[in-house]
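Notes follow once the structure below has been shown.
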């Protein structure tokens, strides 16, 4: 679409533009809706980023709020002096990195495996079943986790005990909790995440495989030399987007999984902002945290993009 | 052709959404342009903050103008022209409840307010369990009800600090003669409960609590009988009883023996073990120490609390308590366990097993286990003086009513508070119509019965409607005392009576230490309650060897997250107002 747009911006004659628009205006009409959505819900709210630098009041217009102390940086200083924020920052980074490390390759590997299956119907069934968890909310997944993993009453722990082992504190001991958290994250998302890779794989020219077969390449050779390079651009784009989100991440998952015994490793920025900002009414403080989070996110995004272009990939722009 | 129509539609919707966007754009800017008008009062209120004298002179002056007008406006308590106000009401989302905004009781209020004061009342429901968040949104969007209610005073203070709340002090004085019922019912104590000692501001009026009973321990009478035990009267006997429950699970639960929970608890340990924790507190605690440690109503920083938790930790590791209680996201699972009959004892609100009519704990037990199964109140926990000390609710310090700055009808709103403080009105709201929601017994006592449809009270005794009164009052203290035991449909009055008596035994009434607002308390309430629960939960579930380490670390975390700052500021304020004294004058 952006390519089209560029075309419009450089019309050779004014008339051309008119003719062009006459022919394609319907497309632009359709494009307008998502643009309006983006503008209203993503750009307009940015006006209120200034709350981070001001002493917020619920009744005054944001433009008239007085500047916070320390040239407006009072809340940033406060946030970084706060233990909970530092924990939340650390946990966000740790959990997201672990997610990236274990969770990012999972759908790729799964897509590769799925692609090698010859029974089409079986493949379809497997695919459908694996992406179903994506539609479950985290609250539901947590209650499933409770039923399965609670010591003494959870199904898996009862199984372990019946087999003569000792029950494992999957949800109530910090290290185990991290493992469960990451595992459930992968479980929920790998099927769904593989769809885009499968689509990319199906776009690979079958002649390549045929040529490779003629050259005597086996399955693994084909995977390594054709399939993987074929989906490399997709992998890179997704990796960049994931890196941009390294300080972000959803709210529902950590919020649903948290409990009082593991808060030290489970409190992330999103839940911290919810608790302190929305429940504790410290809007300026948490806007500052949110702004920091976004700035770091943009930094990672730019860096990953730059790196991927350096390495000869396309990047996202 | 079809394509054309479709694209026309799309384009049309785009134009509309553009227009709508422009509209919303102009509304977002409009408040900015309009606010100066609405802001003038807001601009005044911050002036009340600095402790200087001058704003004081300014404030009443500003308030006097409408007052002079308004008193002229009222003839026999009625406005010449109909005024309109909106009032917050909690929506508890009860299964099969009545519409919180339109039911028999709201109609009664609407009719009465129109007749007595020519004020049209509209109710606005706010979900009970997210009230603070919701009121917050409503305030921010300028749509808050004219009369807001909350249990959380720090929340009101935060709004007031932003200039979002009307100072009631001048209004209450000015219109005193128009508000006889309000002043008679609440008295100076409740009305001035939150008066700032320096600036004289009153951001909220405290409702009056008519029942002070708070937390009681309950035990399964039928289990005691089956094992031939007496109700425990000391902490040790209580423990022995739990051990007996645990060891006789087969007798008590048969095939379900594995589900036995001798003592149940939730992740809110500070509440659900309150009687135990209070029994460890130094009976000679000074007002000063209590105040300094008093920000947390679960006593987490009280020095002796650690030993109470150590006892709980021992019970937990001995298999006497509900396992992994901290993993449950809410209380539904525990409710089900109690109702199914797996739980031997617990502590909770003094009337917990009697609440909710047909769905009460005791009604469920009778259905699921047998007619003899029921929870009864006991009083086992003794402190070092041999007393059964328990904290009560104070008579004030309950729900707080406040008027947001968007309230254009402060007088009409005050008249509303006056209206619902009339004894007759409280009585009707609490007990409804005879034959429908209550019967009158021969003794004259009121027996509450289960109502249907419009007449269903969404909260016990309609406390959500009677925002200036919490607890059975029935318009007459004697009648209330006589009827207390009959307040729960389907429940043996003796059980209620016993629980109520035990709840009051050796009760400690909290005192109001009014030293103005403590700055360190702003905005940290939720963080600290979360930390407090973490401290309790982690320590109770720790292994015995780790107990000290876990508790000390959690408390250190609590203190460094703002707990210590609050205690320090409270100590400084105490010194400022009371000097070296350790007790309140």
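For the range A:67-161, what's the relative contact order in percent, using C-alpha pairs closer than 8 Å and at least 6 residues apart?
8
Compared with the dominant Cα axis of chain B, that is its longest principal axis, helix B:547-558 is turned about 10°. Here the ratio of the Cα radius of gyration of the range A:136-205 to 2.2 N^0.38 Å is 1.49. Its Cα gyration tensor gives the protein assembly as shown an equivalent ellipsoid, and the semi-axes of that ellipsoid, as √(5λ) in whole Å with the largest first, are 52, 41, 28. Rg and Dmax over the alpha-carbon atoms of chain A stand at 24.7, 83 Å. The alpha-carbon positions of the range A:176-240 define a convex hull whose volume is 99 Å³ per residue. In terms of overall dimensions, the range B:215-391 has a Cα radius of gyration and Dmax of 16.2, 53 angstrom. The angle between the Cα long axis of helix B:54-73 and the main principal axis of chain B comes to about 70°, on a 0 to 90 degree scale. When the alpha carbon gyration tensor of chain B is reduced to an equivalent ellipsoid, its three semi-axes come out at 43, 30, 28 angstrom, largest first. Using only Cα atoms, locate the centre of the range B:229-285 and the centre of the range A:257-303, then give the distance between them in Å, rounded to an integer. So the separation of the two Cα centres works out to 39 Å. The ellipsoid that matches the Cα gyration tensor of the range B:434-585 has semi-axes, each √(5λ) in whole angstrom, of 42, 23, 17, with the longest given first.
As a length-normalised measure over Cα pairs under 8 Å and 6 or more apart, the relative contact order of chain A settles at 24 percent.
For chain B, the longest principal axis of the C-alpha atoms and the axis of helix B:104-117 are separated by about 40°.
For chain B, the 222 nm mean residue ellipticity estimated from helices alone, with every DSSP H stretch of n ≥ 4 adding -39500 (n - 2.57) and the total spread over all residues, rounds to -14500 deg cm²/dmol.
Give the relative contact order (percent, whole number) for chain B; include only Cα pairs under 8 Å separated by 6+ residues. Relative contact order here is 20 percent.
Find, to one decimal place in angstroms, the Kirkwood hydrodynamic radius of the range B:519-577, where the mean of 1/r is taken over every pair of different Cα atoms and then inverted. Walk me through the numbers before you get to the answer.
Numbers: mean 1/r = 0.0810 Å⁻¹.
After inverting the pairwise mean of 1/r, the radius is 12.3 Å.
Per-residue ellipticity at 222 nm from helix content only, as computed over chain A with -39500 (n - 2.57) for each DSSP H run of at least four residues, stands at -20000 deg cm²/dmol.
Taken together, the values in this text are just the output of simple stated rules run on the coordinates, not laboratory data. This one's a predicted model, so the numbers in the text were calculated from it and none came from an experiment.
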